[in-house]
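So the structure is just underneath, and the comments pick up after that.
The values are calculated or read from the model by the stated rules, or taken from the named source; none is laboratory data. The structure displayed is predicted, hence computed values, not measured ones. Backbone-built Cβ (ideal geometry, glycine too); neighbour counts: all protein chains shown.
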Amino acid sequence: MANKVKIIIIIGCGKMGSELALKLCKDHNVIVIDKDEKSFERLTKNNFVGFTKILDTNDMAALMDLDLEKADMVYIVTPDDNLNFMLAYGIKKLNKDINVAARVNDPAKKTIFTKANIDFFCPIEDSVKNLVKQIEEK
Amino acid sequence: MSRTFYIIEGSGLAYSLAKKLLLLGNRVFYVSDKKSNLEILDGLKINFSSLELIHQDPTDICWIENLDLDRKVEAMIIISEDDALNFVVSWLLKQFFKEIKVIALVNSPEDEIMFQSIEVETIVPIRWMEKLIESSLIYEDVTDFFNPYVDKLSILEISIESKDKANCKKLKDVNLPQNSIIGVLIRKNGEILVPHGETVILSGDKLIVLSLKDKVDEVVNALK
């Protein structure tokens, strides 16, 4: 079912988290979590339809209390690779069936996520790949 | 016997800890990604040749993998102010060196469960401070600060004055409640002894009493 409405949790509402939330909220139920209320301004200014929740993203205990199992996908997109790792590791430990994808800012840190079997994406590497591809196709 | 310790990150705390370990004759490796931290510890090198400073990102997996930990390493102590960094380093160390003792600073008590899940020893200063403040608010004599079983067990320090019930009494004649015991007696002159039934309690003595938490009032009542 390609068109199924999914429940998506996004942890970290910076530039990437808010962009992702705004795109996904058109077709899915999106819950955005950040420790700073101000960060949600990026969403409210742009007709965001979904839920926001203020939660200290450093507070593992509080994150564990969320109904993460109900989410079809959890994106962890803070700018801190170490924090992304700790959160993703903690969520996977809580329930390995939860779908998690963590942002890796520094390509050199990818191996840590690989070693822990955590799904990740690396925006810098993806951009570089795209740029190289574009120039080679010209 | 000289032992080897790794201290990873941390600034002022790392300095004090390194100094202490070096004074005890140990070998210390200090690792930090921050030049400013290394500069803080650099002053110790003048007096201690067994201190080595390493400028390195401790979350670098290649570096950890290639660490030469063959020599007797007593513990890896990770004490940055960033719990997530402490977690990543602890986790990586545990992946490559299962047997090594890893001790991590946990700045937010809420993060402790994460570290426990990877079997790392934790230091949680905020918990200690809470205990200290709580105990000084509830009973001024309680020395619960060093008591890991603080939820159930109280350690009381009670000073005996001449007007107190226990003054000039033999220990066996003091009517302490069940589940409590006078563990140590400290005389006015500083002499410390483990009292027995015939020991006489005197004015000026300090008694260290172990008691279940719900018996504290009865203990105080029996002695004071």
Check your understanding: Is it true that some residue in the range A:62-78 is free of Cβ contacts under 8 Å to residues at least 60 places away in the same chain, more than 29 Å from residue B:89 (Cβ to Cβ) and away from every other protein chain (no Cβ under 14 Å)?
Key -> yes
Study note, to complete from the structure: Here the qualifying pairs (Cβ atoms under 8 Å; residues six or more apart or on different chains; first in the range A:115-138 and of a type in the set (S, T, N, Q); second assigned to a helix (DSSP H, G or I)) come out as A:117/A:92
Point to revise | Answer residue from the range A:80-115, given it is polar (S, T, N, Q) and out of contact with any Leu (no Cβ under 6 Å at 6 or more places or on another chain) and is nearest to residue A:11 (Cα to Cα) among those | key: A:84
Point to revise | Any pair with Cβ under 9 angstrom, 6 or more apart, that starts in the range B:195-219 at a residue that is surrounded by 15 or more Cβ atoms within 10 Å (Cβ to Cβ) and ends at one that is of a type in the set (Asp, Glu) and at pLDDT 90 or above | key: B:201/B:164; B:211/B:218
**Study point:** Any chance residue B:14 is touching a residue at least 40 places away in the same chain (Cβ under 8 Å), away from chain A (no Cβ under 14 Å), farther than 30 Å from residue A:92 by Cα and touching a Leu at 6+ places or on another chain (Cβ under 9 Å)
**Key:** yes
Review point. Is it the case that the range A:97-112 has a residue that's touching a residue at least 60 places away in the same chain (Cβ under 8 Å) and among the hydroxyl-bearing types (Ser, Thr, Tyr)?
Key: no
**Study point:** Matching residues, the range A:42-95, being in a helix (DSSP H, G or I), surrounded by 15 or more Cβ atoms within 10 Å (Cβ to Cβ) and out of contact with any helix residue (DSSP H, G or I) (no Cβ under 9 Å at 6 or more places or on another chain)
**Key:** A:92
Check your understanding: Restricting attention to the range B:1-41, which residues are under 24 Å from residue B:83 (Cβ atoms) and among the β-branched types (Val, Ile, Thr)?
Key -> B:7, B:8, B:28, B:31, B:40
Study note, to complete from the structure: Of the residues in the range B:99-125, those that are surrounded by fewer than 20 Cβ atoms within 10 Å (Cβ to Cβ) and facing chain A (nearest Cβ under 8 Å) come to B:108, B:110, B:113, B:117
Point to revise | Matching option when the condition is at pLDDT below 90 and either part of a strand (DSSP E or B) or surrounded by 15 or more Cβ atoms within 10 Å (Cβ to Cβ) (or both), among A:39, A:18 | key: A:39
Practice item. Kindly provide the set of residues from the range A:21-36 that are assigned to a loop (DSSP other than H, G, I, E, B), within 30 Å of residue B:109 (Cα to Cα) and away from every other protein chain (no Cβ under 14 Å), ordered by number. Key: A:36
Study note, to complete from the structure: residue A:55 vs (1) within 23 Å of residue A:38 (Cα to Cα); (2) among the aliphatic types (A, V, I, L, M); (3) touching a residue at least 24 places away in the same chain (Cβ under 8 Å): all pass except (3)
**Study point:** Sole residue being over 13 Å from residue B:91 (Cβ atoms) and within 11 Å of chain B (Cβ to nearest Cβ), chosen from A:101, A:116, A:108
**Key:** A:108
Practice item. Among what's in the range B:73-100 and is among the β-branched types (Val, Ile, Thr) and in contact (Cβ under 8 Å) with a residue 60 or more places away in the chain, pick the residue that is farthest from residue B:34 (Cα to Cα). Key: B:73
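For (1) in contact with an Asp or Glu (Cβ under 8 Å, 6 or more places away or on another chain); (2) surrounded by 14 or more Cβ atoms within 10 Å (Cβ to Cβ), each residue gets a yes or a no:
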site	(1), (2)
B:2	no, no
B:7	no, yes
B:16	no, no
B:30	yes, yes
B:44	no, yes
B:58	yes, yes
B:79	yes, yes
Check your understanding: Restricted to the range B:69-86, and to residues that are over 12 Å from residue B:9 (Cβ atoms) and within 20 Å of the chain's Cα centre (by Cα), which residue is farthest from the other protein chains (Cβ to nearest Cβ)?
Key -> B:74
